[in-house]
Amino acid sequence: MIAAVIFLHDEVFIMAISLKEPLLARLLRYVKIHTTSDAKSDTVPSTPQQWDLLHLLRDELTAMGLADVTLDDKGYLFATLPATTDRAVPVLGLLAHVDTAPDFSGENVRPQVIENYDGGVIDLAGSELTLSPRAFPHLRELRGHTLVTTDGTTLLGADDKSGIAIILSAVEYLQAHPEIAHGKIRIAFTPDEEIGRGPHHFDVAAFGADVAYTLDGSVLGELQYENFNADEATVTLYGRSVHPGTAKDVMINGWARACEFQSRLPAHKTPETSSGREGFIFLRKIEGSLEACRLLYALRSFTREELAAWGKMLTDTMSAMQRDYGEGCGKVEIHEHYRNMRERVEPHRYLIDIAESVMRAQGITPVIEPIRGGTDGARLSFMGLPTPNLFTGGENFHGPLEFISLDVMEQAANVVIGIAQAFVERAEVSA
């Protein structure tokens, strides 16, 4: 049982809230629905099966009696929990995504529930895989928790169906306790986050929130409001194709030139050699033909200045090759992908301060670390909706070793409840 925090001026009241049963029921129901997204698809959502969960959630939101339940033709599901106070409180948004990553199968998920975890090795019943504290030391800290795992044949889908379950369980509790003061809360469940398209058709104006949180993080206490700046680069090296038997002094091998381009880049500026706040240049794909070979790069940095330096490194390398082989030997194209949400969240610092204070009041140590990637929140922040990210309790996302702690999910739900209360307290103190 977790303690939720009620803020009333300078006093803090603790109220015990147990949400494990609804959280587990929702999580098990949602993960069994196949919702894998597909980057190769040009439909929205990218896969038809995402509609199965969206329609189920629409019906659940309606049955809960929430207001303004809408599901548009792009798969964006919105709803409203009306305010229980007349105070001028910022409209709070809560978001999670319905799709699961295409990195591993998300079909026919058969979750395992491990009650009162003993701290030992967990056998994943459908395979020879195991979850071991030796491989995953953090498991030792979850002794006594209820864990939900895969059977080893699929991913679990806690990313981000746990976020959906946390939001709805918290909202359901607030509905059942109208004496808890909170402002207007907007809920959004979105498609295609795992393939980077989550915000592409998100209507910020129609959503109508002032600020928001995504429930899409990992371990207990995660509070993320900083992410990579990201650009995508395509480097094309041109060749000339002739029969290899008569190729001397005629053939130009675009593949070989592409390999040469990559070899001219510094070997220590890559994902496998970087961590923390270090950025990188990531060669993620090679495609094309002998006549036109393309290298696809992901450029990542926490600062705009370093990101620009990565791009200059590519263009300088191409310039050197053009000096050796002529200006027509290749080209570099760089496109903006996403930017560090910190730029747009920090002017709304109360989002971070409130989340931190609620966690600490509930005995949770905030874990504030930058995301070495991007989130829907990053894009939404630059679309006018500042959106940091909160923990859910899931670990080892995107593969068969994925698992989640139900106890940490419960703590996340209570943090959501506490944040809703703290928004009202902030408004009262400011009045």
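Among the strands (runs of 3 or more DSSP E) confined to the stretch 102-202, the ones with at least 1 residues that are without any contact (Cβ under 8 Å) to a residue 60 or more places away in the chain are located at 112-114.
Report yes if Arg240 is over 30 Å from Glu395 (Cβ atoms), at pLDDT 95 or above and in contact with a strand residue (DSSP E or B) (Cβ under 9 Å, 6 or more places away or on another chain), otherwise no. Yes; evaluated as a whole, the condition is true for this residue.
The numbered conditions (1) farther than 22 Å from Glu278 by Cβ; (2) of a type outside the set (Lys, Arg); (3) open to solvent by 30 Å² or more (accessible area, probe 1.4 Å) are all true for Ala308 except (1). Hey, does the stretch 123-144 have a residue that's closer than 30 Å to Glu425 by Cα, under 23 Å from the mean Cα position of the chain (by Cα) and open to solvent by less than 40 Å² (accessible area, probe 1.4 Å)? The answer is no, given that none of the residues of the stretch 123-144 is closer than 30 Å to Glu425 by Cα, under 23 Å from the mean Cα position of the chain (by Cα) and open to solvent by less than 40 Å² (accessible area, probe 1.4 Å). Summed over the stretch 162-213, residues that are aromatic (Phe, Trp, Tyr) and within 22 Å of Pro22 (Cα to Cα) total 3.
Scanning the stretch 354-376 finds one or more residues that are open to solvent by less than 30 Å² (accessible area, probe 1.4 Å), within 30 Å of Leu295 (Cα to Cα) and polar (S, T, N, Q). Comparison of Phe261, Phe282 shows that the only residue that is open to solvent by 20 Å² or more (accessible area, probe 1.4 Å) and under 16 Å from Leu314 (Cα atoms) is Phe282.
Can you tell me which of Glu305, Glu260, Glu278, Glu287 is touching a residue at least 40 places away in the same chain (Cβ under 8 Å) and either acidic (Asp, Glu) or in the same structural domain as Met383 (by the TED database) (or both)? Checking each option against the conditions leaves just Glu260. When we screen Gly373, Gly384, Gly363 for residues that are touching a strand residue (DSSP E or B) at 6+ places or on another chain (Cβ under 8 Å) and farther than 29 Å from Ser105 by Cα, the only hit is Gly363. So for the stretch 332-350 (the condition being closer than 30 Å to Gly119 by Cβ, open to solvent by less than 40 Å² (accessible area, probe 1.4 Å) and not aliphatic (A, V, I, L, M)), does at least one residue qualify? Looking through the stretch 332-350, none of the residues is closer than 30 Å to Gly119 by Cβ, open to solvent by less than 40 Å² (accessible area, probe 1.4 Å) and not aliphatic (A, V, I, L, M). Among the residues of the stretch 43-60, is there at least one that is exposed (fewer than 15 other Cβ atoms within 10 Å of the Cβ), assigned to a loop (DSSP other than H, G, I, E, B) and touching a residue at least 40 places away in the same chain (Cβ under 8 Å)? No, there is no match, as no residue in the stretch 43-60 is exposed (fewer than 15 other Cβ atoms within 10 Å of the Cβ), assigned to a loop (DSSP other than H, G, I, E, B) and touching a residue at least 40 places away in the same chain (Cβ under 8 Å). Apart from one condition, Ile419 fits all of (1) surrounded by 23 or more Cβ atoms within 10 Å (Cβ to Cβ); (2) part of a loop (DSSP other than H, G, I, E, B); the exception is (2). Of all the criteria given as (1) crowded, with 18+ Cβ neighbours inside 10 Å; (2) in contact with a helix residue (DSSP H, G or I) (Cβ under 6 Å, 6 or more places away or on another chain), the one not satisfied by Gln112 is (2). Among the residues of the stretch 61-72, count how many are within 21 Å of Thr84 (Cβ to Cβ) and surrounded by fewer than 18 Cβ atoms within 10 Å (Cβ to Cβ). Result for the stretch 61-72: 6. Please specify each residue of the stretch 384-409 satisfying the condition of being under 23 Å from Arg186 (Cβ atoms) and either basic (Lys, Arg) or open to solvent by less than 10 Å² (accessible area, probe 1.4 Å) (or both). Leu385, Pro386, Thr387, Pro388, Asn389, Leu390, Phe391, Thr392, Met409, listed by residue number. Considering only the stretch 388-403, I want to know if a residue exists there that is of a type in the set (A, V, I, L, M), within 15 Å of the chain's Cα centre (by Cα) and modelled with pLDDT of 95 or more. Checked the stretch 388-403: at least one residue is of a type in the set (A, V, I, L, M), within 15 Å of the chain's Cα centre (by Cα) and modelled with pLDDT of 95 or more.
The values are calculated or read from the model by the stated rules, or taken from the named source; none is laboratory data. All values reported here derive from a predicted model rather than from experimental measurement. Every residue, glycine among them, receives a Cβ derived from its backbone with ideal geometry; neighbour counts consider all protein chains shown. Ligands, DNA and RNA are excluded from the accessible area calculation, which covers all protein heavy atoms including side chains. Shrake-Rupley method; radii C 1.70, N 1.55, O 1.52, S 1.80 Å.
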